[in-house]
Amino acid sequence: MFDMGLKNKRGEMGISQVLVGLFLLVIVIFAVTTMINYTKTSQFGPSLEKTSESFKTFFTTILTPLFSTLLNLNVVQESDQLLVVISFIMLAIILIATFDSVNIFGEDNKGKIVNIAVGILMSLIAVRYMPKNLWESLTAPTVALVPTMLVGLPFAVLVILSMKMKRPLGIKVLWLGYAVFMGYLVFFTDITLGVAKLIYGVFFALALIMFFFDATVRRFWHIEKNKLTLEDDLNKMNVKTRFHLRREIREWQRIISDSSSSDADVALAKSELKKASKKYGDVSAI
């Protein structure tokens, strides 16, 4: 997805690296600006609010005219226009990542270009014709259930999708889009419903955790998945196969413990036991 490799053959940076780098740069600039404002006011809350408004104005000035015609922003309230643009970007990232993970249009460069084109087109259609009250449900919710579903379902989809993707940098771009989306809802909207604000804050924190620690989460996911697969394989293994496997394991163990065994035989026995352990886990439980 978007040249998800760490580097291409010429050693140039891929788009994923650029996006992640820009995101981290924005976070640093946001933090520094907030601290500068804090030194002037000695109040963290107003400083954070002033920085948020400055960033919102800056990105609105740049992005809104660019996407105005494409996303039909004229029919959306001015306060929600930047949210529409961010939603389009996030949805495009999700769709392109989905197409890329299943190789629906092929694995060559031509297929990747089609992935990107179709993902952007579908996102454009989806956001352009999205019901206007949906944006109001996100920025001015009256009950907590609706916003929870609107941000929780994409989070669940991203978790499943990121577990299936193989490119680490592509996964970070995926969570980058969601983190930006949630960050906007937390810092750049005037939500009066306290519960909704808390919910958005929780999902924003989860997005950052997945962005920075996705490798750890994915490792745990795959370890547990492999355990379940192993248990299922052992349950399906018939009695006769178990008997022969146990006997083979005992023979390798005898070779290791036998003082007359040569070093080569011991090394081979240890290697075979290691293979069995990787495949079946605790060999003593077979």
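Condition check: modelled with pLDDT under 80 and in a helix (DSSP H, G or I). Does A267 satisfy that? Give the steps one after another, and end with the answer.
Details: modelled with pLDDT under 80: no; in a helix (DSSP H, G or I): yes.
No, not satisfied.
Can L134 be described as assigned to a helix (DSSP H, G or I), surrounded by fewer than 18 Cβ atoms within 10 Å (Cβ to Cβ) and either at pLDDT below 75 or not β-branched (V, I, T) (or both)? Outline the logic, then answer.
Details: assigned to a helix (DSSP H, G or I): yes; surrounded by fewer than 18 Cβ atoms within 10 Å (Cβ to Cβ): yes; either at pLDDT below 75 or not β-branched (V, I, T) (or both): yes.
Against the criterion (assigned to a helix (DSSP H, G or I), surrounded by fewer than 18 Cβ atoms within 10 Å (Cβ to Cβ) and either at pLDDT below 75 or not β-branched (V, I, T) (or both)), L134 qualifies.
Quick one: in the range 36-88, which of the residues that are outside the structural domain of Y129 (by TED's automatic domain parsing) and outside any helix (DSSP H, G or I) is nearest to V180 (Cα to Cα)?
Here the answer is Q43.
Quick check on my filter: what residues within the range 146-180 are basic (K, R) and surrounded by 19 or more Cβ atoms within 10 Å (Cβ to Cβ)?
In the first step, residues of the range 146-180 are kept if they are basic (K, R); the result is 164, 166-167, 172.
Correct list: R167, K172.
So, K112, is that one surrounded by 15 or more Cβ atoms within 10 Å (Cβ to Cβ), at pLDDT below 80 and among the basic types (K, R) or not? Spell out how you get there, then give the answer.
Working: surrounded by 15 or more Cβ atoms within 10 Å (Cβ to Cβ): yes; at pLDDT below 80: yes; among the basic types (K, R): yes.
Spelling it out, K112 is indeed surrounded by 15 or more Cβ atoms within 10 Å (Cβ to Cβ), at pLDDT below 80 and among the basic types (K, R).
Do we find a residue being among the small types (G, A, S), surrounded by 15 or more Cβ atoms within 10 Å (Cβ to Cβ) and part of a helix (DSSP H, G or I) anywhere in the range 138-145?
If we filter the range 138-145 for residues that are among the small types (G, A, S), which is where we start, we get 140, 144.
Those still in the list that are surrounded by 15 or more Cβ atoms within 10 Å (Cβ to Cβ) too: 140, 144.
Subsequent filtering for residues that are part of a helix (DSSP H, G or I) retains none.
No - not one qualifying residue is present in the range 138-145.
So S54 passes all but one of these: (1) surrounded by 12 or more Cβ atoms within 10 Å (Cβ to Cβ); (2) hydroxyl-bearing (S, T, Y); (3) modelled with pLDDT under 75. Which condition number does it fail?
(3)
The values are calculated or read from the model by the stated rules, or taken from the named source; none is laboratory data. No experiment lies behind these values; they were computed from the predicted model shown. All Cβ positions, glycine included, derive from the backbone under ideal geometry; neighbour counts span all protein chains shown.
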